[in-house]
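Peer 1: A single structure is presented below for examination.
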């Protein structure tokens, strides 16, 4: 029976859930091609993760935690690992586009889904801009190493607000803008082509980082680890919050739910495989960096751009190795931008199919089977962020969106176990219910360490998202037309599980 949003009390509408059976209905002109393999999907996760946390976030995290930044990586990795298990179960049960947003819509209701949509849009949009800014530093370093010239400061650094109200820095970060637009062109060509190129770039990235780790440990100095906990547990927590944004790659895997072959098996394997690779390489590179250089090196803002390349140059006294690392960073961080931009477009695709944003965001090019309009709009917004917002203002903002999303997946697992006990789950989280509870606790611990300004930015953004939802989204929601009153009023999904 067709209903409208006016047929339900507001409270019921905000709590209504998307029935699991809804994912099996085909929508003409709104389907994406299933052509990604498990390996390509795993490389998506590694591609979106390794690079962001290692290539340049050390300069942000080490000053906060000192040598104990290694503990910060472990804390962030533990939270991400617990979250990965939750993602694996949810992705195997609901293998659709939209990742955390879609999971929240099925498990927790429309209002929570809208808030989580705001979180993941903030997470992906700002992360892509932040990574593009970091890529710019390595690109300039590579130009300097290879041809002895680099872009002028005015065209390679974002404007920085001054204390007197006068902006300093440059005019625009042009390399960041160009990077985003190149990724846009690649994504428009097709997801399969993007996945193949990403896999190649990821393998290059891992090789370069292993090279750095080996050379870094040749300059090991135990003094660099003295006063290990000098910054205290507050510093460890703050650094973990900054680092955590780099684990966005786990969520990026789940955004490809409708474009992977055999998603119920491929998604859990890709998520857990990506986490294993990422955690190992993060700890190796962070330890090698601290072994080679003291905390003061990372505290110097002049070393924040292309920091790992500078470490290699000073260790070896030879520019060849630093040039190799700078080239590897330019190639591999490209893959981070590519995958996070991809994730943003697929989440908007899912939101558009649910009617909460204009339908133009789910228009699919019949030739390439990609959401072209969606990709162009997202790319323009992200390019503006990368071109005009300094990286210092972006890291923690990404983390808060990621942490909120990870928490909701864990809560969603517990709710779905109760409301959909008979739902097919090819992968079940071990240690239930302790594991999802620990996931929420770990995420809350890291959230506690974030700066107050990060919470202010987050609150303002979510207020904008909710305003748009009440003004537009709730009146155009697809559930207004395709869900019967009984299912909305009692959204347990139990009745429909027998049909599935």
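Derivation of every value follows stated rules applied to the coordinates shown; laboratory data play no part. This structure is a prediction, so every number in the text was calculated from the model and none was measured. Because the Cβ atoms are built from the backbone with ideal geometry, glycine has one as well, and the counts that use them run over all protein chains shown.
Peer 1: Just grab the label-to-label distance for residue 471 and residue 154, each label 7 Å out from Cα along the Cβ direction, in nm (one decimal).
Peer 2: 3.8
Peer 1: Residue 11 to residue 459: FRET efficiency via 1/(1 + (r/R0)^6), r the Cβ-Cβ distance, R0 25 Å, to the nearest 0.05?
Peer 2: 0.65
Peer 1: Using just the C-alpha positions of region 89-226 as equal point scatterers, what log10 of I(q)/I(0) does the Debye formula give at each q in 0.10, 0.15, 0.16, 0.19 1/Å?
Peer 2: Relative scattering, expressed as log10 I(q)/I(0), comes to -0.61, -1.09, -1.13, -1.20.
Peer 1: Describe numerically, in nm with one decimal, the distance between label points set 7 Å from Cα along Cα→Cβ at residue 359 and at residue 276.
Peer 2: Placing both labels 7 Å along Cα→Cβ, they lie 4.5 nm apart.
Peer 1: At a threshold of 8 angstrom on Cα-Cα distance, excluding pairs fewer than six apart, so keeping six or more, what relative contact order does region 339-429 reach in percent?
Peer 2: About 17 percent, as a whole number.
Peer 1: Something else now. Just order 275-288, 211-224, 37-50, 120-133 by mean Cβ neighbour count inside 10 Å, highest at the front, would you?
Peer 2: Packing order, densest peptide first, comes out as 120-133, 37-50, 275-288, 211-224.
Peer 1: Using just the alpha carbons, could you tell me how many Å³ per residue the convex hull of the chain encloses? Spell out each step's value before the answer.
Peer 2: On the way: hull volume 67.9 nm³, N = 500.
Enclosed volume per residue, from the Cα hull, is 136 Å³.
Peer 1: I need the calculated FRET efficiency for the pair residue 210 and residue 147, taking r as the beta carbon distance and R₀ as 25 Å, to the nearest 0.05.
Peer 2: 0.40
Peer 1: Looking at the P(r) of region 164-298, how many percent of alpha-carbon pairs lie beyond 25 Å?
Peer 2: Beyond 25 Å sits 50 percent of the P(r) for region 164-298.
Peer 1: Could you work out how far helix 372-388 tilts from the main Cα principal axis of the chain, as a 0 to 90 degree angle to the nearest 10?
Peer 2: Long axis of 372-388 versus the principal axis of the chain: about 40 degrees.
Peer 1: How much length, in nm to one decimal, is gained on full extension between residue 381 and residue 314, taken as 0.36 nm per residue of separation minus their Cα-Cα distance?
Peer 2: Difference between extended and current length: 20.3 nm.
Peer 1: Ranked by Cβ crowding within 10 angstrom, fewest neighbours first, how are 321, 135 ordered?
Peer 2: 321, 135
Peer 1: Using only Cα atoms, what is the ratio of the radius of gyration of region 213-271 to 2.2 N^0.38 Å?
Peer 2: Working: Rg = 18.9 Å, N = 59, 2.2 N^0.38 = 10.4 Å.
Normalised Rg, Cα atoms only: 1.83.
Peer 1: Taking the beta-carbon count within 10 Å as an exposure proxy, list 424, 319, 89 from fewest neighbours to most. Before the final figure, lay out the partial values.
Peer 2: Values: 424 11, 319 15, 89 26.
The fewest-first ordering by Cβ neighbours comes to 424, 319, 89.
Peer 1: Further question: Obtain the radius of gyration and the Kirkwood radius of region 351-476 from its C-alpha atoms and give Rg over Rh.
Peer 2: Dividing the radius of gyration by the Kirkwood radius yields 1.03.
Peer 1: Kirkwood Rh over alpha-carbon pairs of region 45-94, then Stokes-Einstein at 37 °C and 0.692 mPa s: what D in µm² s⁻¹, rounded to an integer?
Peer 2: Once the numbers are plugged in, D ends up at 265 µm²/s.
Peer 1: According to the Kirkwood expression over distinct Cα-Cα pairs, how big is the hydrodynamic radius of region 397-436, in Å? Write down the numbers at each step before the final one.
Peer 2: Working: mean 1/r = 0.0886 Å⁻¹.
Over region 397-436, the inverse of the mean reciprocal pair distance is 11.3 Å.
Peer 1: Dividing the convex hull volume of the alpha carbon atoms of region 247-365 by its residue count, what do you get in Å³ per residue?
Peer 2: Considering the Cα atoms of region 247-365, their hull volume per residue is 156 Å³.
Peer 1: Taking 7 Å along the Cα-to-C-beta vector as the label spot, tell me the residue 222-residue 283 distance in nanometres, rounded to one decimal.
Peer 2: 2.1
Peer 1: Fewest to most neighbouring Cβ within 10 Å: what's the order for 108, 85?
Peer 2: Values: 108 20, 85 26.
In order of increasing Cβ crowding within 10 Å: 108, 85.
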